[in-house]
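For reference, the structure is listed below as structure tokens.
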Amino acid sequence: MNLGKKQKLFLLTGILFTFSACTFNADLERRIDVIERGTVDQKPLTSPTKSVSVLRDALACMDQMLREEQVPTTLIAVKSIPDISGLYSTGTKDMLITALSRMSRSSHAFKVVDYEIDPLRQDTVQTITGLLLSSGSIELQRPQIYISGSISFGDRTVTSKRSSIGVSTNSTDTGYSWDILASAVGLDLHLGDMKTRTFYPGMDSANELIVAGGGRSVEIGAKATGLPKHIYRVGSQFEVSADNNQGAGSAIRALVDLAAIELVGKWSRIPYWQCLEYESNHPEFLRQIRQWYEDMSVAERISSIQRALTEQGYWKGEINGELDENLRHSLMLYQSATDLIPSGMVNFETYTRLLSTYVKADSEGKFYRAGWSNKNFEEDALPKLETLKPSALRPWSPLVLELLGGKGNELTIGDAIVLRVVPPRTGYLYCYYQDASGVVSQLYPNPLQRSKIAQGGRGLLIPDISNPNTFLMQASSAGAEEAVCIVSETSLDKQLPEAYTAAKLEPIKTAGDLSELKELIGNMKSLQKPVVSEYKWKIKGAALAQPAAVAPEVGADENTPAQKAAP
């Protein structure tokens, strides 16, 4: 059948219309699987990780050093840190607050006072605070010092290098190109006195960092020859490229962490430079660790982590390269104590934190796995921690128990008694106190500090002097005193006599002294032994006229060596 041009055009239009209707007006019910999948596809491909810089270990080292030097708590304010260059959209002020917080995790060296004077930046909290201040309902503490500064400059493409080469023939085209661009960013911070609004001479930090980006590409094309003239010339072409750009946000965080370490070190007069000399602070460190991680099989990764957890007291099972529920539990305890996401999974983030202690740099600056064999991960044991790095970088150190502000383990009659406890891992915490007269009391948990679970690596004050609604302990009699703290993976409420777990801040009448408690702990039969630490000190001076006593509402009698804080 012959059709005219108009009929052919009409038939073609009808076919296209029918096809379009089938394509764009299809029954949605038949695509319900595609629609439902949207709730899955919208999720991220990877799990979240902690936002940290290469100076994370240095911040932990500073926290340890501040605690060991008994640096008192300082109230500090942070001004807005603007970006003068206008090139980087980063929350620099928040990064600085995070750095100060990480340096105070166990030492309580700094408390940031949240001041905001710009009306355009007022949020709900600031608005409510303003109303409460005007009515006299609250009183903000005045900071002693403050940090001021800015991202002082950002220079794009400070240096660049480009190279390209190509070869062309009648039938082929080949090309190769390579380029790298480097930009610079600088950060200046200063420390000032809040009372006089003057900056301390020499207490400043001015550092800059190069951020690089670049790529490589290969292009190849070909044309077919020798084909009949009535066939169009046929060709093919493909390109392979790889681009790498270092993030400006990570660069600024590294600058902020470094500046915070410098300012805090200068203010506290501690040798902060000792925390900046470790291999794990080197930018190339994570890249080398990543290569080692990718070279291992899954079983080798698990075995390496099992050995590291064993060395640090988190794993008591076999080193068999298998991930079971017990190993997940141990991983979660370690991750929560080292400020990682407690997923219980063997991932690169956990691998880096666990094994970074066992990495050294040779004379040429190249990193190697100290004590490991590159060929066999199963037989070689990890080296002892003390042969590689100081205790300042060990979040898995023994349970820390000490007097806050104590001088040579001696106190004078009338001095306040404040204990600082840093659990090595997340677990159930119990603390006991024996005064100079031999009375034993449970200090933690107590009616004003009820949480039995304490986070690993984070300092805890007993009593919590930062809380106005707390109790006070005061040295009232001359003699020897002692405190004992216990951290356990499981609750000890059913393993210890009820008098030791009542948490009423009362004397334990059935306890002769703390040696009985130590004996009870030593006789416990469990896979994971509780971690125990004790601290002893002496009190000198004449006795007070009136011994300290617990307020009646706390539920104690007159023999308790603690008293409620004045409002």
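The values are calculated or read from the model by the stated rules, or taken from the named source; none is laboratory data. Predicted, not measured: the structure shown is a model, and the values here were computed from it. Cβ coordinates were reconstructed from backbone atoms using ideal geometry, including for glycine residues, and neighbour counts include every protein chain displayed. The area values use the complete protein model at the heavy-atom level, side chains included, leaving out ligands, DNA and RNA. Shrake-Rupley method; radii C 1.70, N 1.55, O 1.52, S 1.80 Å.
Determine how large the accessible area of T352 is when every protein chain is in place; take a 1.4 Å probe and give Å² rounded to the nearest 10. Rounded to the nearest 10, that gives 20 Å².
Is the C-alpha gyration tensor of the range 37-158 telling us rounded, prolate or oblate? Criteria: a/c under 1.5 is rounded; beyond that, a/b larger than b/c is prolate, otherwise oblate. Because its axes are fairly even, with a/c under 1.5, the range 37-158 counts as rounded. Once a ≥ b ≥ c are taken as the square roots of the eigenvalues of the Cα gyration tensor of the range 466-513, is the result rounded (a/c under 1.5), prolate (a/b larger than b/c) or oblate (a/b not larger than b/c)? The shape class here is oblate. Annotation: S85 carries an accessible surface of approximately 40 Å², with a 1.4 Å probe and no ligand, DNA or RNA atoms counted. Heavy-atom surface analysis with a 1.4 Å probe gives the range 60-196 a carbon and sulfur content of 53 percent of its accessible area.
The distance from the alpha carbon centre of the range 173-195 to that of the range 45-66 is 22 Å, rounded to a whole number. When you restrict to C-alpha pairs under 8 Å that are six or more residues apart and normalise by the size of the range 441-508, the relative contact order lands at 54 percent.
Protection proxy ranking, highest mean first, for peptides 193-200, 258-265, 284-291, 412-419: 258-265, 412-419, 284-291, 193-200, where packing is the per-residue count of other beta-carbon atoms within 10 Å, averaged. With Cα atoms defining each centre, the range 315-330 and the range 421-478 are spaced 33 Å apart in the structure.
Taking all protein chains as shown and a probe of 1.4 angstrom, S80 keeps an accessible surface of around 50 Å².
Counting only protein heavy atoms and using a 1.4 Å probe, what share of the accessible area of the range 415-514 belongs to carbon plus sulfur, as a whole percent? The value for the range 415-514 is 48 percent carbon and sulfur by accessible area.
Accessible area per residue for the range 439-516, computed on protein heavy atoms with a 1.4 Å probe, is 43 Å².
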